[in-house]
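> Supplied in structure tokens, the structure appears directly below.
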Amino acid sequence: MKLKAVSARQGAHWLRAGFLVFFRRPVAFTALFAGFLFAAFVLMLIPVAGGVLLLMSLPIVTLGFMLATQNAIQEQTPTPAVFVAPLRGNPQQRKTLIQLGVVYALATLAIIALSDWVDGGKFEALQAAMANSKVSREAVEEMLLDPQLHFGLFVRFGLAGVLSVPFWFAPALVHWDGQGVGQSLFSSTLAVWRARGAFAIYLLAWTVVIGLFGILVQLVFSMLGTPQMAGVAALPGALMFSTVFYASLYFSFADSFEL
């Protein structure tokens with residue numbers, strides 16, 4: 001595969017194309033994402049191993065959504081088969097995808113361990129406090145003001161963002177170009193770096209869309225006299241935006257490489 005030149009404005013196109021392809025098959029895409037969430041919930045019920053298996057599956061999940069988008073573009077209805085199709089092909093590619101999942105899981109666990117060490121376990125304590133109805137709102141707000149927690153969050157999300165760069169295109173490069181683990185991670189990093197302007201616009205466009213949606217929902221329910229319902233109404237929007245994000249991944253790949 002050859003890298004293509006990507007202009008900054010294509011980042012906005014990826015977002016727009018994601019919404020357009022989602023609305024071609026909204027039920028199918030929503031069902032795929034809901035199915036993924038259910039599978040993730042089931043895996044998390046398995047102590048330790050479930051979380052590791054979930055992390056290992058994420059590169060294949062992103063590839064599955066790319067295949068789903070490709071199907072929708074070809075006027076086909078995506079089915080859950082997109083998540084297992086990459087594992088049914090070339091044995092070497094199947095092995096490489098599994099290895100890619102292992103590397104991703106290990107790297108993510110290392111980031112979690114480092115972040116927990118940096119914040120002294122305060123992020124985990126915050127999660128437990130927020131899930132405990134007996135903990136007062138004032139106590140949670142006090143925990144949120146802790147500088148050590150802030151630094152831990154910076155490390156956690158900063159390293160997670162860095163990790164996403166080599167894995168952004170890696171599964172697709174394994175599937176469509178037969179690249180190995182190291183080559184796919186390097187190629188993905190190089191492609192993201194060369195298209196950094198487009199990715200910056202892509203991130204900015206998402207920020208604007210989600211921000212405007214939040215303002216609109218709050219405004220509508222405030223006018224109806226039920227502002228407390230805004231959070232409930234935002235849940236379907238969050239589900240749609242998450243699904244559109246995964247549906248849009250294919251367009252960043254198609255614009256970055258000659259298929």
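> Which one, LEU153, ALA113, PRO166, is farthest towards the positive end of the dipole of the stretch 110-171 when Lys and Arg carry +1 and Asp and Glu -1 on their Cβ?
It is PRO166, whose Cα lies furthest towards the positive end.
> Give me log10 I(q)/I(0) at q = 0.12, 0.17, 0.20, 0.23 Å⁻¹ for the stretch 1-100, Debye formula, one equal scatterer per alpha-carbon, no solvent.
Summing over Cα pairs of the stretch 1-100 leads to -0.51, -0.93, -1.12, -1.22.
> May I pose another question? Would you please classify the overall shape of the stretch 120-259 from the alpha carbon gyration tensor, given that a ≥ b ≥ c denote the square roots of the eigenvalues, rounded means a/c under 1.5, and beyond that prolate means a/b larger than b/c while oblate covers the rest?
Judged from the Cα gyration tensor, the stretch 120-259 comes out oblate (a/c at least 1.5, b/c at or above a/b).
> Right, another one. Test of understanding: in a Gaussian network model of the chain with alpha carbons linked when under 10 Å, which of LEU224, LEU114, LEU54 would top the mean-square fluctuation ranking?
Among LEU224, LEU114, LEU54, the largest GNM mean-square fluctuation belongs to LEU224.
> Defining a contact as two alpha carbons under 8 Å apart and six or more residues distant in sequence, what relative contact order in percent does the chain show?
With pairs under 8 Å counted, the relative contact order is 38 percent.
> Now a separate question. Return the whole-Å distance between the Cα centroid of the stretch 88-126 and the Cα centroid of the stretch 9-41.
Their Cα centres are 24 Å away from one another.
> Would you work out the charge dipole size for the stretch 56-215 about its Cα centre, treating the Cβ of every Lys and Arg as +1 and the Cβ of every Asp and Glu as -1, and quote it to the nearest 20 debye?
520 debye
> Next question. At 222 nm, what value in deg cm²/dmol follows for the chain if DSSP H runs of at least 4 each add -39500 (n - 2.57) and the sum is divided by all its residues, to the nearest 500?
Taking each H run of at least 4 residues, the total per residue is -27000 deg cm²/dmol.
> Using only Cα atoms, find the angle between the long axis of helix 49-73 and the longest principal axis of the chain, and express it within 0 to 90 degrees, rounded to the nearest 10.
It is inclined by approximately 60 degrees.
> Which of the following values of percent of Cα pairs over 29 Å apart was calculated from the structure shown: (1) 30; (2) 39; (3) 27?
Computed from the coordinates, percent of Cα pairs over 29 Å apart corresponds to (2).
> For the chain, set up a GNM with springs between Cα atoms under 10 Å and report which of SER222, SER242, SER187 has the largest fluctuation.
It is SER222.
> So what's the angle, to the nearest 10 degrees on a 0 to 90 scale, between helix 230-256 and the longest Cα principal axis of the chain?
Roughly 20 degrees between the two axes.
> Compute the acute angle (0 to 90°) between the alpha-carbon long axis of helix 122-131 and the principal axis of greatest extent of the alpha-carbon atoms of the chain; round to the nearest 10°.
Its long axis makes an angle of about 70 degrees.
> Using only the alpha-carbon atoms, what does the stretch 46-155 span along each of its principal axes? Please give whole angstrom values in decreasing order.
Ordered largest first, the stretch 46-155 gives principal extents of 53, 29, 26 Å.
Taken together, the values in this text are just the output of simple stated rules run on the coordinates, not laboratory data. From a predicted model like this one, the values you see are computed outputs, not experimental measurements. Because the Cβ atoms are built from the backbone with ideal geometry, glycine has one as well, and the counts that use them run over all protein chains shown.
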